[in-house]
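Colleague: Encoded as structure tokens, here's the structure I'll be asking about.
The values are calculated or read from the model by the stated rules, or taken from the named source; none is laboratory data. Please read all numbers here as calculations on a predicted model, not as lab measurements. Please note: Cβ atoms are built from the backbone with ideal geometry, for glycine as well, and neighbour counts cover all protein chains shown.
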Amino acid sequence: MDGGNRSTAANVEFDALLAEIDAHNRRYYRDGSPAIGDGDYDALIRRRDFLAEQNPELRRRFAPTVGDDRLEKFEKRTHLRPMLSLNNTYNESELRQFIDRVERASGNATVFAVEPKIDGLATAIIFRGGHFDYALTRGNGAEGDDVSANVRTISGLPMEIPSMGEGIVEVRGEVYIDRGNFLRLNALREEDGLEPFTSARNLAVGSLRLLDPVKAAERRLRFIAYEIATGDEGFQTHCQVLEALKSWGFPTNDHALSKGADETWKCIEEFDRRRGGYPFDTDGAVVKVNDRNLRRNLGSQATAPRWAIAYKFSPERAETILENILLQVGRSGVVTPIADLRPVTLSGATIRSATLHNGDEIARKDLRVGDSVILERAGEVIPAVVGVVAAKRPKWSTPYVFPMFCPACGGNLTRIDGEVARRCLNCDCPPQIARRIQHFASKDAMDIESLGPQRLQQLLDGKLIGSFVDIFRLDFNSLVQLPRVGEKSARKLLSAIENAKTRPLWRLIHGIGIPHIGMETAKALAMRWPSMNSLAKLSVEDLRLCDGIGEIVAASVHKFFSDPRNLALIDQLAALGLSMVDVEPPQRTDGPFAGKIFAITGTFNSMGREDLRSAIEAAGGSVRSSVSSKVDVLLVGDAPGSKLAEAEKLGIQTAGEDLVMGWLDEVGG
Ligand code: IVH
């Protein structure tokens, strides 16, 4: 009776756990927006496994999985070999047990390779005969989403590797977004009044699975290779694999070799110390058997190999006082609250401030001036305020009320529909002007050397400039009147400004600060319309014709050029000698395929997808990653995916390989 009750209780708890884990899996793997931390998630898994261990009938009710990140919108492909996950541990004794088990199985002192565990998403890249063929997410371990179009945008990833030889080589590694870029993208999002991404990993998940590769390119994804999963027969050790990957031009992971538990533990501690120095987030260290023969003998369980384990670092936390909440005004008037903190040391760095993102975040956490708050190293160097120590709240504290007026100019702060942010709508607000000019001169825009934020502030304070147009009106005599500006630096600055007049058009399009236009979108616009004049005259419908330009961006560009004040700025820039056209438009607009939009599905025997795309672009056409009513022709290769059915549904013309090659021959592609 007792036993029956126990197992009923276990049943109920077990079902609830399975449902909870399932919901967390969806959020983590598919949506890139986990609701709980890794530690809490792993605790649920442990409880599930504990209950299953105690009750064999429960064990039969679930099959362990590696999660599932598949999304309907992508074509699917079967993995050449199952894509497993890793067993995790948070404690040293479990790590020692793992090493023990391996050493007992091998009967020898075993060499381990210890590597940082990169917090991104596992991705498989398949090369055929030394050419990039396709790339897949892990999916459910058996089949993944085809994310080739986005993986192609990853800089530093080789696409052609002649020395790889014939046959298929599958490289596995981690797609991630580096920390600096994460901060940049979040700042841009906050500027646009959007909810910031909660971590670099979640941003990477969302970015790799964007349908539009132009947008994915703006996210500047990166890849680090750590395994060869197919075509690895010739390698005896993991070190040899890493060497080969490096020699083929892949970015590879740092690694250290160790023997026995003590040495391995020391290596893990060393990686923990070093973690802040990597440009990517690491959430632990991976310990792997170096000898590949031994790996084969050890084999795998359902979801993870027996030859590796991930030791997870615990997030570092610190407590301090929230002394004040300051407001920072961005380029587009978005007002971001910043926590002014009593300085505290967190993983070796002194933290004085942290972004609080927006008013909703402050309200959700009920943060009040005077509170003792907990800081966590979310993504290591980016400190986040994760909560309040309720017991230490001072009696005098009152809930934070977001100000109604701009702290810089006194203008009204408005909350725009659908945005979490509040904005100062006064475009003459001084910090907004300063930020707009900083953006214009920055590396990602006009790239004017010697014109950093400090120098610009000096020019603003000295009333030498009031907008970015004035940069081109600066003269030697007024510059040398400024404190700390000698003749030499004045000349250097003027020559940098002169050089900026002939920058490629996309830099100017990006620099003038059209809302929602990032670097890659600016490039796509300049590629299609290599003249500012023609860009300014386009209708929303015209703009939508450009690959990668959606409704919001098209409307934003149109609105910008409909404002006479913006047109006046452009006229002034032109009058001051700035180039408003690209001297050499990067793409033919007069080719035989001019204006034609293609999409591709399946594989082509005569050429790889990348070459096919280049041939089409060289003839003036463009290639989209998905099928929509805008596509003129779908090129259908072997083993076509779901795009074919979509094209048929929309009545879009299709063309097989022979026909496509015939066309390319005709147009000289
Ligand atoms: S090896 C059989 N090495 O961590 C799996 N994985 O939690 C072999 N990861 O799925 C994976 N850094 O996405 C390996 N240096 C590294 C890694 C690494 C990050 C990821 C990978 C894996 C996940 C498991």
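Colleague: For the stretch 190-205, does any single residue satisfy the condition of being in a helix (DSSP H, G or I), more than 30 Å from Asn25 (Cα to Cα) and away from the ligand (no atom under 16 Å from the Cβ)?
Modeller: Applying the first criterion (in a helix (DSSP H, G or I)) to the stretch 190-205 yields 190-191, 200-205.
Restricting the remaining residues to those that are more than 30 Å from Asn25 (Cα to Cα) gives 191.
Add one more test, that the residue is away from the ligand (no atom under 16 Å from the Cβ), and what stays is 191.
Looking through the stretch 190-205, at least one residue is in a helix (DSSP H, G or I), more than 30 Å from Asn25 (Cα to Cα) and away from the ligand (no atom under 16 Å from the Cβ).
Colleague: Ok, one more. Just to verify a result, which residue in the stretch 618-667, among those that are among the polar types (S, T, N, Q) and in a strand (DSSP E or B), is farthest from Gly595 (Cα to Cα)?
Modeller: First pass over the stretch 618-667, keeping only residues among the polar types (S, T, N, Q): 622, 625-626, 628-629, 642, 653-654.
Right, trim to in a strand (DSSP E or B) and you get 622, 653-654.
On the way: Ser622: 7, Gln653: 15, Thr654: 17 Å.
The qualifying residue farthest from Gly595 (Cα to Cα) is Thr654.
Colleague: Please work out if Asp447 is in contact with a helix residue (DSSP H, G or I) (Cβ under 7 Å, 6 or more places away or on another chain) and of a type in the set (D, E, K, R). First the steps, then the outcome.
Modeller: Numbers: in contact with a helix residue (DSSP H, G or I) (Cβ under 7 Å, 6 or more places away or on another chain): yes; of a type in the set (D, E, K, R): yes.
For Asp447, the condition - in contact with a helix residue (DSSP H, G or I) (Cβ under 7 Å, 6 or more places away or on another chain) and of a type in the set (D, E, K, R) - is met.
Colleague: When you scan the stretch 140-149, do you find a residue that is more than 16 Å from the ligand (Cβ to nearest atom) and over 26 Å from Ser207 (Cβ atoms), even just one? Working first, answer last.
Modeller: Applying the first criterion (more than 16 Å from the ligand (Cβ to nearest atom)) to the stretch 140-149 yields 146, 148-149.
The next check asks that each one be over 26 Å from Ser207 (Cβ atoms); those that pass are none.
Checking the stretch 140-149: not a single residue is more than 16 Å from the ligand (Cβ to nearest atom) and over 26 Å from Ser207 (Cβ atoms).
Colleague: Say we look at the stretch 253-296 and pick out the residues that are assigned to a strand (DSSP E or B) and more than 31 Å from the chain's Cα centre (by Cα); which of these is nearest to Ile99 (Cα to Cα)? It would help to see each step written out before you state the result.
Modeller: As a first pass, look at the stretch 253-296 and keep what is assigned to a strand (DSSP E or B): 256-259, 282-289, 291.
Imposing the further condition that a residue be more than 31 Å from the chain's Cα centre (by Cα) reduces the set to 258-259, 291.
On the way: Ser258: 11, Lys259: 9, Asp291: 14 Å.
Here the answer is Lys259.
Colleague: Before we move on, is Val111 buried (at least 23 other Cβ atoms within 10 Å of the Cβ), out of contact with any Gly (no Cβ under 8 Å at 6 or more places or on another chain) and not small (Gly, Ala, Ser)? Lay out the reasoning, then the answer.
Modeller: Working: buried (at least 23 other Cβ atoms within 10 Å of the Cβ): no; out of contact with any Gly (no Cβ under 8 Å at 6 or more places or on another chain): yes; not small (Gly, Ala, Ser): yes.
Here the answer is no, as Val111 does not meet what is asked.
Colleague: Now, a different point. If you take the residues of the stretch 297-320 that are in contact with a helix residue (DSSP H, G or I) (Cβ under 9 Å, 6 or more places away or on another chain) and not in a loop (DSSP other than H, G, I, E, B), which of them is farthest from Ala354 (Cα to Cα)?
Modeller: Here is the first cut: in the stretch 297-320, the residues in contact with a helix residue (DSSP H, G or I) (Cβ under 9 Å, 6 or more places away or on another chain) are 297-298, 305-309, 311-315, 319.
With the extra rule that they be not in a loop (DSSP other than H, G, I, E, B), the set shrinks to 297-298, 305, 308-309, 311-312, 319.
Values: Asn297: 49, Leu298: 46, Pro305: 40, Ala308: 37, Ile309: 34, Tyr311: 28, Lys312: 25, Glu319: 13 Å.
For the stretch 297-320, the residue satisfying everything is Asn297.
Colleague: Which of the residues belonging to the stretch 76-100 are away from the ligand (no atom under 16 Å from the Cβ), surrounded by fewer than 19 Cβ atoms within 10 Å (Cβ to Cβ) and over 17 Å from Tyr29 (Cβ atoms)? It would help to see each step written out before you state the result.
Modeller: Taking the stretch 76-100 and keeping what is away from the ligand (no atom under 16 Å from the Cβ), we get 76-78, 91-93, 96-97, 99-100.
With surrounded by fewer than 19 Cβ atoms within 10 Å (Cβ to Cβ) added as a condition, the list becomes 76, 78, 91-93, 96-97, 100.
Passing the criteria: Thr78, Asn91, Glu92, Ser93, Arg96, Gln97, Asp100.
Colleague: Going by the conditions given, is Arg61 under 19 Å from Ser199 (Cα atoms) and surrounded by fewer than 16 Cβ atoms within 10 Å (Cβ to Cβ)?
Modeller: Numbers: under 19 Å from Ser199 (Cα atoms): no; surrounded by fewer than 16 Cβ atoms within 10 Å (Cβ to Cβ): yes.
Spelling it out, it is not the case that Arg61 is under 19 Å from Ser199 (Cα atoms) and surrounded by fewer than 16 Cβ atoms within 10 Å (Cβ to Cβ).
Colleague: Taking the stretch 53-99 as the search range and keeping residues that are in a helix (DSSP H, G or I) and modelled with pLDDT under 85, which one is farthest from Lys288 (Cα to Cα)?
Modeller: Glu57
Colleague: One residue is enough: does the stretch 236-247 have a residue meeting the conditions at negative phi, part of a loop (DSSP other than H, G, I, E, B) and more than 14 Å from the ligand (Cβ to nearest atom)? Steps first, please.
Modeller: Of the residues in the stretch 236-247, the ones at negative phi are 236-247.
Applying the additional criterion that residues be part of a loop (DSSP other than H, G, I, E, B) yields 236.
Filter again for more than 14 Å from the ligand (Cβ to nearest atom), leaving 236.
Yes: the stretch 236-247 contains one or more residues that are at negative phi, part of a loop (DSSP other than H, G, I, E, B) and more than 14 Å from the ligand (Cβ to nearest atom).
Colleague: Turning to a different aspect of this structure: Does Arg26 satisfy the criteria of being without any contact (Cβ under 8 Å) to a residue 60 or more places away in the chain, surrounded by 12 or more Cβ atoms within 10 Å (Cβ to Cβ) and closer than 18 Å to Ala302 by Cβ?
Modeller: Answer is no for this residue.
Colleague: Then there is this: Among Glu449, Glu419, which is the only one that is closer than 30 Å to Gly370 by Cβ and charged (D, E, K, R)? Let's see the steps before the verdict.
Modeller: Values: Glu449 fails: closer than 30 Å to Gly370 by Cβ.
One residue alone meets the criteria, Glu419.
Colleague: Might you check whether a residue that is surrounded by fewer than 19 Cβ atoms within 10 Å (Cβ to Cβ) and among the hydroxyl-bearing types (Ser, Thr, Tyr) occurs anywhere in the stretch 210-229?
Modeller: The answer is no; no qualifying residue exists.
Colleague: Test Asp212 against the criterion of being of a type in the set (Asp, Glu) and more than 16 Å from the ligand (Cβ to nearest atom), and give yes or no. Spell out the reasoning first.
Modeller: On the way: of a type in the set (Asp, Glu): yes; more than 16 Å from the ligand (Cβ to nearest atom): yes.
Against the criterion (of a type in the set (Asp, Glu) and more than 16 Å from the ligand (Cβ to nearest atom)), Asp212 qualifies.
Colleague: Residues to consider are Ser372, Ser397; find the one that is out of contact with any Gly (no Cβ under 6 Å at 6 or more places or on another chain) and of a type in the set (Gly, Ala, Ser). Before the answer, list the steps.
Modeller: Working: Ser397 fails: out of contact with any Gly (no Cβ under 6 Å at 6 or more places or on another chain).
That would be Ser372, the only listed residue that is out of contact with any Gly (no Cβ under 6 Å at 6 or more places or on another chain) and of a type in the set (Gly, Ala, Ser).
Colleague: Additional query: Testing Gln236 on (1) over 26 Å from Leu356 (Cβ atoms); (2) touching a residue at least 40 places away in the same chain (Cβ under 8 Å); (3) crowded, with 16+ Cβ neighbours inside 10 Å, one condition comes back false. Which one is that?
Modeller: (3)
Colleague: Go through the stretch 399-443 residue by residue and tally those that are over 22 Å from Phe468 (Cα atoms) and hydroxyl-bearing (Ser, Thr, Tyr). Explain how you work it out, then say what you get.
Modeller: The initial filter retains those residues of the stretch 399-443 that are over 22 Å from Phe468 (Cα atoms), namely 399-407, 410-422.
With the extra rule that they be hydroxyl-bearing (Ser, Thr, Tyr), the set shrinks to 400, 414.
Within the stretch 399-443, residues that are over 22 Å from Phe468 (Cα atoms) and hydroxyl-bearing (Ser, Thr, Tyr) number 2.
Colleague: Could you check how many residues of the stretch 260-277 are within 22 Å of Arg377 (Cα to Cα) and either surrounded by fewer than 18 Cβ atoms within 10 Å (Cβ to Cβ) or touching a Ser or Thr at 6+ places or on another chain (Cβ under 6 Å) (or both)? Working first, answer last.
Modeller: Going residue by residue through the stretch 260-277, those that are within 22 Å of Arg377 (Cα to Cα) are 267-277.
Filter again for either surrounded by fewer than 18 Cβ atoms within 10 Å (Cβ to Cβ) or touching a Ser or Thr at 6+ places or on another chain (Cβ under 6 Å) (or both), leaving 267, 269-270, 273-277.
Here the count works out to 8.
Colleague: What single numbered condition from (1) closer than 16 Å to Arg435 by Cα; (2) in contact with a Gly (Cβ under 9 Å, 6 or more places away or on another chain); (3) among the aliphatic types (A, V, I, L, M) fails to hold for Val469?
Modeller: Of the numbered conditions (1) closer than 16 Å to Arg435 by Cα; (2) in contact with a Gly (Cβ under 9 Å, 6 or more places away or on another chain); (3) among the aliphatic types (A, V, I, L, M), the odd one out for Val469 is (2).
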